[in-house]
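A short worksheet on the structure shown next.
The values are calculated or read from the model by the stated rules, or taken from the named source; none is laboratory data. Source: prediction; values computed, not measured. A quick note on method: Cβ atoms are made from the backbone with ideal geometry, for glycine too, and the neighbour counts reach across all protein chains shown. Quick note on the areas: whole protein, heavy atoms, side chains included, nothing else; ligands and nucleic acids left out. Shrake-Rupley method; radii C 1.70, N 1.55, O 1.52, S 1.80 Å.
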Amino acid sequence: MDAHATLMQEIDAEMLATAGWTGRPHLAPRVRAALLTVRRAAFVPTALRAEAYANHALRIGHGQTISQPFIVALMTELLDPAPDHVMLEVGTGTGYQAAVLGALVRRVYSVEVIPALSAQAATALAHEAVGNVSLRVGDGASGWPEHAPYDGIIVTAAGPTVPPALVTQLRPGGRMVTPLGEPFSDQMLTLIVKDAGGSVSRRDILPVAFVPLVTGEP
Ligand code: SAH
């Protein structure tokens, strides 16, 4: 079995092991297929390609990391992506998570605060022929209002609270997955659901460790 298929088995096992926390023992078949289709190796720095299918986070430069594959899988699963969805990502990083979502939904808008990372992500997405992901450089805490509302919002860096603009830009019935907490400690992956009437509920999913969501324009 190749490294990518082995990784998928590890993700399956970790989904099962954490189901008491997450309520999701299995990945939806579409989500699992997307994770098998998108080549993580094409998004990680060249020097780390040999580790692309190891189930841990990797350094991507500029003090940032690409999340552990299991966490990418879990966050994607919690969004319940559907083919007609439009989603927003805060924290493009390598573009890998955006590519996974791109395989599952109609269109992905992704905001990154570090221009060099956004440029590298654009190159990788083009190389992998991902045509439905749009990138922008800026502070993702303001979202991307021009394309709102979103069926799903994924935040891949941790802040102490949910930026209010993101809640505003979530469609009624939409789902947001975000780590919440202080930098590098005591963070909780959190699922936020906006109901049809616009009321918001939140649920703690799993303790996690993400890089900080920086505030303010670059
Ligand atoms: N989803 C990425 C991993 C992202 S790591 C991937 O698949 O590779 C978190 C990213 O969030 C980093 O690239 C960091 O620069 C970015 N970030 C931090 N604060 C941000 C903000 N306020 N707005 C947009 N991006 C931000």
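Results, tabulated for the structure shown:
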{"read-out": "Filter result (touching a helix residue (DSSP H, G or I) at 6+ places or on another chain (Cβ under 9 Å), farther than 24 Å from Gly23 by Cα and open to solvent by 20 Å² or more (accessible area, probe 1.4 Å)) within region 54-85", "value": "Ala54, Arg59, Gly61, His62, Gln64"}
{"read-out": "Every residue from region 141-167 that is farther than 22 Å from Gly102 by Cα and assigned to a strand (DSSP E or B)", "value": "Ala158, Gly159"}
{"read-out": "Residue selected from region 131-152 under the condition touching a residue at least 40 places away in the same chain (Cβ under 8 Å) and within 12 Å of the ligand (Cβ to nearest atom), by the criterion most open to solvent (accessible area, probe 1.4 Å)", "value": "Val137"}
{"read-out": "Failed item, numbered, when Gly93 is tested on (1) within 7 Å of the ligand (Cβ to nearest atom); (2) assigned to a strand (DSSP E or B)", "value": "(2)"}
{"read-out": "Listing of helices (runs of 4 or more DSSP H) fully contained in region 1-53 that carry 3 or more residues being within 16 Å of Tyr96 (Cβ to Cβ)", "value": "3-17, 29-37"}
{"read-out": "Residues within region 18-44 that are touching a residue at least 40 places away in the same chain (Cβ under 8 Å), open to solvent by 40 Å² or more (accessible area, probe 1.4 Å) and more than 25 Å from His85 (Cα to Cα), tallied", "value": "1"}
{"read-out": "Test: residue in region 168-191 that is in contact with a strand residue (DSSP E or B) (Cβ under 8 Å, 6 or more places away or on another chain), in a loop (DSSP other than H, G, I, E, B), away from the ligand (no atom under 16 Å from the Cβ) and modelled with pLDDT under 95", "value": "yes"}
